[in-house]
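Colleague: One structure coming up, written as structure tokens, with questions to follow.
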């Protein structure tokens with residue numbers, strides 16, 4: 001999955017330009033980045049610096065205007081839309097700031113969602129969901145709806161959903177941004193555990209230096225350029 005030098009993620013001279021009518025808005029400018037398999041990387045920078053755009057490129061949600069994004073052995077810019085969707089489903093787990101849980105589904109049903117796209121049997125899906133909820137210490141909340149959970153518990157359900165398909169890479173966009181200090185600490189401890197015990201490669205966008213301290217490596221993005 002990783003390249004010969006151990007990199008799971010490789011970005012080479014990556015540019016991203018958005019166009020609005022005839023106006024070009026450069027967001028990323030010549031970004032080069034390597035992330036080794038099993039690494040926990042924090043991506044910091046001021047609001048509007050391009051952090052979320054960079055995360056979306058690595059996750060295959062968006063494609064670069066120029067340059068190469070290579071993740072888990074694939075050059076993402078060369079993949080057709082359907083193949084890119086399959087690649088994302090197999091390799092990437094997403095954790096968002098605002099959880100994105102579906103309110104009419106229980107915790108277990110929310111976690112199961114990514115597995116509905118697979119060929120797993122109902123029993124295999126249930127077993128995976130049970131294990132994922134156990135990993136985030138929410139096995140006893142499986143039948144609770146999001147409205148019955150605290151913010152920290154909702155984020156743990158979202159993390160269980162992100163890991164249930166055993167992805168190669170976890171991408172987290174401000175995963176503690178909507179939480180109080182206690183719940184934020186618990187979420188960061190959980191991410192650290194997933195990295196150390198399950199060897200998950202994690203890329204986390206954060207503006208919080210305390211959150212970044214949990215990572216192995218911290219890189220700073222400013223106006224579309226990675227600081228040296």
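Colleague: Which value, in nm² and rounded to one decimal, describes the direction-averaged projected area of the C-alpha convex hull of the stretch 124-228? Present the calculation step by step, with values, prior to reporting the outcome.
Modeller: Values: hull surface 30.6 nm².
Average projection, Cα convex hull of the stretch 124-228: 7.7 nm².
Colleague: Sticking with this one: What's the FRET efficiency of residue 196 with residue 116 using the Cβ-Cβ distance as r and R₀ = 25 Å, to the nearest 0.05?
Modeller: With R0 = 25 Å, the Cβ-Cβ based efficiency is 0.25.
Colleague: While we're here: So how tilted is helix 81-91 from the main axis of the chain? Cα-based, degrees 0 to 90, rounded to 10.
Modeller: Taking Cα atoms only, the helix is inclined about 60 degrees.
Colleague: Another question about this same structure. FRET efficiency for residue 222 and residue 182, Cβ-Cβ distance as r, R0 = 30 Å, nearest 0.05?
Modeller: Working: r = 31 Å, r/R0 = 1.03.
Calculated value: 0.45.
Colleague: Let me ask something else. Multiplying the sequence separation of residue 12 and residue 140 by 0.36 nm and subtracting their Cα-Cα distance, what value in nm do you get? All intermediate terms of the calculation are to be shown ahead of the outcome.
Modeller: Numbers: separation 128, 0.36 × 128 = 46.08 nm, distance 4.50 nm.
Full extension from residue 12 to residue 140 adds 41.6 nm.
Colleague: Separate question: With only alpha-carbon atoms counted, please give the Rg and Dmax of the chain, in Å.
Modeller: 17.5, 54
Colleague: Can you give the Rg and Dmax of the stretch 17-96 based on its C-alpha atoms, in angstrom?
Modeller: Rg, Dmax (Cα atoms, Å): 13.4, 42.
Colleague: Right, next: Rounded to the nearest 500, what is the 222 nm mean residue ellipticity of the chain from helices alone, with -39500 (n - 2.57) per DSSP H run of 4+ residues and division by all residues?
Modeller: Mean residue ellipticity at 222 nm (helix-derived): -9500 deg cm²/dmol.
Colleague: What is the gain in length, in nm to one decimal, between residue 24 and residue 36 on full extension, counting 0.36 nm per residue of separation less the C-alpha to C-alpha distance? Write down the numbers at each step before the final one.
Modeller: On the way: separation 12, 0.36 × 12 = 4.32 nm, distance 3.29 nm.
Contour length minus the Cα-Cα distance gives 1.0 nm.
Colleague: At 7 Å along Cα-to-Cβ for each site, give me the label-to-label distance between residue 61 and residue 5 in nm.
Modeller: 2.8
Colleague: Could you work out how far the C-alpha centroid of the stretch 151-228 sits from that of the stretch 63-117, in angstrom?
Modeller: After rounding, the separation between the Cα centres reads 16 Å.
Only the coordinates and a few stated rules stand behind these numbers; no lab work does. Note that the coordinates shown come from a computational prediction; the quantities given were computed from them, not determined experimentally. All Cβ positions, glycine included, derive from the backbone under ideal geometry; neighbour counts span all protein chains shown.
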